[in-house]
Amino acid sequence: MPKRPRVLLQTTITTPTDDWGIVRFSKLAELLRSEGFDVVARDRDPLPAPDSVLSTLDTSDFDAAWLFAVDTGDGLTTDDCAAISRFRRKGRGLFVTRDHMDLGSSVCDLGGVGKAHYFHSKNLDPDAARHAVDDAVTTDILWPNYHSGANGDWQQIAVEGPRHPVLDGVDRLPAHPHEGGVGAPADEPSARVIATGTSLSTGRRFNLAVAFEAGDSGGPAIAASTFHHFADYNWDPATGSPSFVTEAPGDGLATDPAALASAHRYAVNIANWLVSR
């Protein structure tokens, strides 16, 4: 029997009682398992020590790693970043996502993929015109904070360039009130923006995902604008959220099975693409 692809789903925070811990991505884990993946889902070990899994990722038997950067800037140690970067350089697949402002900015030190993530205080978007608030509702969150809709609703996406395999059968993704910023690094020829969204606040287009093709720099990789495209709460607000989430959720995905199927298809496509080398 062929070996099932082994996939790590991991956050950059120690298991919390009221935050975006890995338990809030349980539907993603269940979906990938139903598609034949051997999934390990975990939060990081306590800081300041290196994480026991991330700091040795390059010597593990994982075929791909999904990193949900839900920290406030200190979620990855130097050893963690070095091993994750070596993991990809060995040809294995890497998915890295974050959220608004500086949430998840510890990923900046990752080779290649880290440079695709733009934050408020680190690795700023090279387009200074984008250093501006987009979501004007939650005023304590600054740029980047693209408003694609309410948690629980869906957003229409635009395919950029030739349709990438991870977008096969995908036309909508979960929405979020304040998505982060991503872009293709100028010195990464294998990277390109593959999908964009449109702000409901300003009408501005913004990048949703950047794909890095496998090549001399390493295995395939995706940099995504927000982990809310994959969170239980966004797929089904009835699952609940941390207490600090104050925005009222929508019901677009709950009432539109085709939109939810598109979100699921996106996740499965990414999983398959990351291990298809």
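Is it the case, given these coordinates, that residue 255 is modelled with pLDDT of 95 or more and among the hydroxyl-bearing types (Ser, Thr, Tyr)? So that I can check it myself, show each step before the final result.
On the way: modelled with pLDDT of 95 or more: yes; among the hydroxyl-bearing types (Ser, Thr, Tyr): yes.
Spelling it out, residue 255 is indeed modelled with pLDDT of 95 or more and among the hydroxyl-bearing types (Ser, Thr, Tyr).
The lone criterion from (1) buried (at least 23 other Cβ atoms within 10 Å of the Cβ); (2) within 30 Å of residue 256 (Cβ to Cβ); (3) at pLDDT below 95; (4) not small (Gly, Ala, Ser) left unmet by residue 174 is number (3).
Scan the range 65-73 and give yes if some residue there is modelled with pLDDT of 95 or more and over 16 Å from the mean Cα position of the chain (by Cα), otherwise no. Break it down into steps so the answer makes sense when it comes.
Let us first name the residues in the range 65-73 that are modelled with pLDDT of 95 or more, namely 65-71.
Those still in the list that are over 16 Å from the mean Cα position of the chain (by Cα) too: none.
Taking every residue of the range 65-73 in turn, none turns out to be modelled with pLDDT of 95 or more and over 16 Å from the mean Cα position of the chain (by Cα).
Is it fair to say residue 241 is out of contact with any helix residue (DSSP H, G or I) (no Cβ under 7 Å at 6 or more places or on another chain), of a type in the set (S, T, N, Q) and either over 19 Å from residue 10 (Cα atoms) or assigned to a loop (DSSP other than H, G, I, E, B) (or both)?
no
Among the residues of the range 197-244, how many are among the β-branched types (Val, Ile, Thr) and either farther than 19 Å from residue 100 by Cβ or without any contact (Cβ under 8 Å) to a residue 12 or more places away in the chain (or both)?
Counting residues in the range 197-244 that are among the β-branched types (Val, Ile, Thr) and either farther than 19 Å from residue 100 by Cβ or without any contact (Cβ under 8 Å) to a residue 12 or more places away in the chain (or both) gives 1.
Residues of the range 86-102 that are over 17 Å from residue 56 (Cα atoms) and either surrounded by fewer than 24 Cβ atoms within 10 Å (Cβ to Cβ) or of a type in the set (Asp, Glu) (or both): 99, 101, 102. Within the range 204-225, restricting attention to residues that are assigned to a strand (DSSP E or B) and within 9 Å of residue 191 (Cβ to Cβ), the residue that is farthest from the chain's Cα centre (by Cα) is 212. Just give me the residues in the range 109-124 being of a type outside the set (Ser, Thr, Tyr) and surrounded by fewer than 21 Cβ atoms within 10 Å (Cβ to Cβ), in sequence order. Result: 109, 111, 120, 122, 123, 124. In the range 107-165, of all residues being out of contact with any Ser or Thr (no Cβ under 6 Å at 6 or more places or on another chain) and of a type in the set (Ser, Thr, Tyr), the one that is modelled with the lowest pLDDT corresponds to 139. Scanning the range 139-154 turns up no residue that is within 25 Å of residue 213 (Cβ to Cβ), free of Cβ contacts under 8 Å to residues at least 40 places away in the same chain and not small (Gly, Ala, Ser).
The values are calculated or read from the model by the stated rules, or taken from the named source; none is laboratory data. Quick caveat, the model's predicted, so the values are computed rather than measured. Cβ: placed from backbone, ideal geometry, glycine included. Neighbour counts: every protein chain shown.
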